[in-house]
Amino acid sequence: MPHRTARPARQGTGRDRRGRRRAVAPAAPATSCRHGHPCHIGATSQVNTPTLLIKDADCIATMDDERHEWRQASILIRDHEIAAVGPTATLPPDLLAQATHTIDARGHIIIPGLVNTHHHMFQSLTRAVPAAQNAELFGWLRTLYPMWARLTPEMIHVSTQVAMSELLLSGCTTTSDHLYLYPNGIRLDDSIAAAGEIGMRFHACRGSMSVGESAGGLPPDSLVEREDHILQDSQRVVDTFHDAGRLSMVRIALAPCSPFSVSPTLMKESARLARSCAQGGVRLHTHLAENDHDVAYTREKFNCTPTEYAEMQEWLGDDVWHAHCVKLDDHGIGRFAATHTGVAHCPCSNMRLASGIAPVRTMLNAGVPVGLGVDGSASNDAAHLLGEARQAMLLARVGRSLEPFGCDRGPADMTARDALRLATRGGAQVLGRDDIGQIAPGMAADLAIYDLRALAMAGSAPHDPVASLLMTQPAQTAWTIVHGRIVADHGQITTVALTPLIEQHNRLAFELAQ
C-alpha cells in the first residue's frame, strides 16, 4: 500500500510568526457575540485553507484500521481533509507539487489530533483552591459551588479559551465541554463563541442542575434551574448551533449533570428531546458511578445501581457517553457493552479526588467504547491530553498490580499504543465521529506534530517514536492543525494572543478568590 489519495480542493496563502511559509486560513466572516467578541460560529467549515504538504516526518502513526506507522512519510492536506498519506518516496511527484505551503517535518512524529471527551472548562478559574485540595468529590463540590455561583459570561469566555489553548498545545484538536451551571446571565453561547474564535472542533454540552439542597440534591438552590427552562434552552441551543454534517466544527449534546443534581424526569425528557432532533447526532452526556458516595446516593435515593438508574431513564445507547464510571460493576459493564454506551475515562481526576481506578481493561475487553477526558481543571488540575493518555497507561498497570502477582500482567494491561488509541480512535467513537481520530484520506485534517529531538525524548525516539510520546515527559506540539489550519505553532496559539489572555484569566480568578 504505497500511498493513499483523495480528491483535489481549494488553496490559500500565509506565513507564520517567524516568516516561514505555512498554512493559515483567512479569518471566517465574523459577527459579534453579546460581549463584543468576534464570533466565528458555524463559519469555520467555510474558511478556505491552503493545500498544505507536511513533508518527510520521521514517523506518522496513522491510527487507521491497519494501524500503519509510516517512516520518512508525508501528508497532503486539501480542503480541510487529508488528501494523501504515505512514505514520501511512494507519493506521486505531481501530487506533492499541488502544495502551496510546506512544513518540513524531519525529526518529527505526526499523530491524529487527540480527542477530549470530558471537561468543565470554567473550572480553570478555580485550580488549586486551598480548601478543595484534599477533598473527595462531594466535599470538593460543596467547597467550590459558592465560588462558581459568582461566574460571569466574561469568565466563561476567557476560561474556555485558556482551557482550549492548553488542550491545543498538548495536541488535542477536538474537545467536549460540559457546562452545567448558568448564573448571572451565562449561556452556552459564551463558550461556543470562544471556541469559534480559537478554532477548535467543539462538542458543547448543554448541562443542567435542577435539584438543589432543599429538594435533597447536592448543589445549592441558587445554582439550579427550572426544568421547563432547561428544556426550552436545550432546544434553542440545538436549533441554533448543532451541525451534524461531516467535518462539522460544532455539535451539541444534552447533559443533565448527575443523578444527585437533576430529576429522573429531566433525564428522560432530555433524552427524548435529543433523539427527536431532525438533524440527528445530538448526543447525551452525564456523570455516572464516579465514586462510592455517588453509588450510595443512587442506591439510597432510587433503590438501584447507577447502571440500572441510567437504563430506567433511557440513558443507555450508542448516542450516550458517561463520564468516569469508576465504580461500574460487572453487570453495568455488560449492559454498556450490549448497548454500545460510551465512557469518558478521566484518570488524573479520579486520582486527584481519590475516586478509584476505573476498570478500563475490563470495559475494553467487553466491547465498551472508551475515550479519555481531562475532566475539569479544578480536579486535575491540568488539561494536557497526551499527559492524560500517559496517566491512563500507568494507572491501568498499577491497578493490575493490586492483585496477587499482578506485576506479571500489569505492563500488558495497557500499552503505549493502547493509550494512544484511547486518545484518538476511542474518543472519536465515544463522540460519535467517523471523520476524526485517524490519519487517512477523507478524514478531517486534524493533526498533532511533535519534535522527537526534544530533551525529554533523547534516547527513546530512535527505538520507538510512538511509545516515546507516552513513555517520556508529555510534550507540547511543534504544530497543531485543526480543520487544515495551523492553530498552534511552537508554543503559541495563532488565533489568540496568549499573554494578555492569561493576564485576564488570572485577574478573573483573583476576583473569584475574594
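Sorting the segments 74-84, 484-494 by their residues' average number of neighbouring beta-carbon atoms within 10 angstrom, most packed first, yields 74-84, 484-494. Close amide H contacts of ASP64 (hydrogens built in the peptide plane, cut-off under 5 Å, sequence separation of 5 or more or a different chain): ILE439. A cut-off of 5 Å between modelled amide H atoms, ignoring neighbours fewer than 5 places along the same chain, links LEU288 with ALA323, CYS325. In terms of the mean number of neighbouring beta-carbon atoms within 10 Å, the peptides 188-201, 289-302, 410-423, 384-397 order highest first as 188-201, 384-397, 410-423, 289-302. A simple rule links phi to the HN-Hα coupling: the Karplus curve 6.51 cos²θ - 1.76 cosθ + 1.60 with θ = phi - 60°, which for region 215-221 gives 9, x, x, 8, x, x, 4 Hz, with x for Gly and Pro. Modelled this way, with points 7 Å down the Cα-to-C-beta line, the labels at ALA338 and HIS293 are 3.3 nm from one another. Once both labels are positioned 7 Å from their Cα atoms along Cα-to-Cβ, the gap between ASN365 and ALA215 label points is 4.2 nm.
Using the average count of surrounding beta-carbon atoms within 10 Å as a protection proxy, the listed peptides 216-224, 336-344, 174-182, 455-463 rank, highest first, as 174-182, 336-344, 216-224, 455-463.
Each principal axis of region 318-417 carries a Cα extent, and these read 35, 29, 25 Å when sorted largest first. Label-to-label distance for THR415 and LEU96 is 3.1 nm, based on points extended 7 Å past Cα in the beta-carbon direction.
Figure the gain on full extension for GLU403 and CYS277 (residue separation times 0.36 nm, minus the Cα-Cα span) and round it to one decimal in nm.
In short, 40.7 nm is gained.
5 Å is the cut-off here: which amide hydrogens, built 1.01 Å from N in the peptide plane, fall below it relative to ARG201, excluding neighbours closer than 5 in sequence? For ARG201, the qualifying residues are THR175.
Using C-alpha pairs below 8 Å separated by at least 6 residues, the relative contact order for the chain is 19 percent.
Projecting the Cα atoms of HIS322, GLY406, LEU422 onto the charge dipole of region 305-458, computed from C-beta unit charges around the Cα centre, puts GLY406 farthest toward the positive end.
Using the count of nearby Cβ atoms within 10 Å as a rough guide to exposure, how do LEU508, LEU469, LEU96 rank from fewest to most?
On the way: LEU508 19, LEU469 28, LEU96 15.
Least to most surrounded, the residues fall as LEU96, LEU508, LEU469.
Here is the size of region 323-364 from its Cα atoms: Rg then Dmax, 10.2, 31 Å.
How much mean residue ellipticity at 222 nm does the chain get from its helices, if each DSSP H run of length 4 or more adds -39500 (n - 2.57) and you divide by all residues, to the nearest 500 deg cm²/dmol? Please report the intermediate quantities before stating the final value.
Numbers: 17 runs with 167 residues, N = 514.
The helix-only estimate for the chain comes to -9500 deg cm²/dmol at 222 nm.
If you plug the beta carbon distance of GLN514 and GLN492 into 1/(1 + (r/R0)^6) with R0 = 35 Å, you get a FRET efficiency near 0.65. Kirkwood's formula applied to the C-alpha pairs of region 114-430 gives a hydrodynamic radius of 19.3 angstrom.
Readers should treat all values here as calculations from the given coordinates under stated rules, not as data from a laboratory. Given the structure is predicted, the values throughout are model-derived calculations rather than measurements. Every residue, glycine as well, gets a Cβ built from its backbone with ideal geometry; the counts of neighbours run over all protein chains shown.
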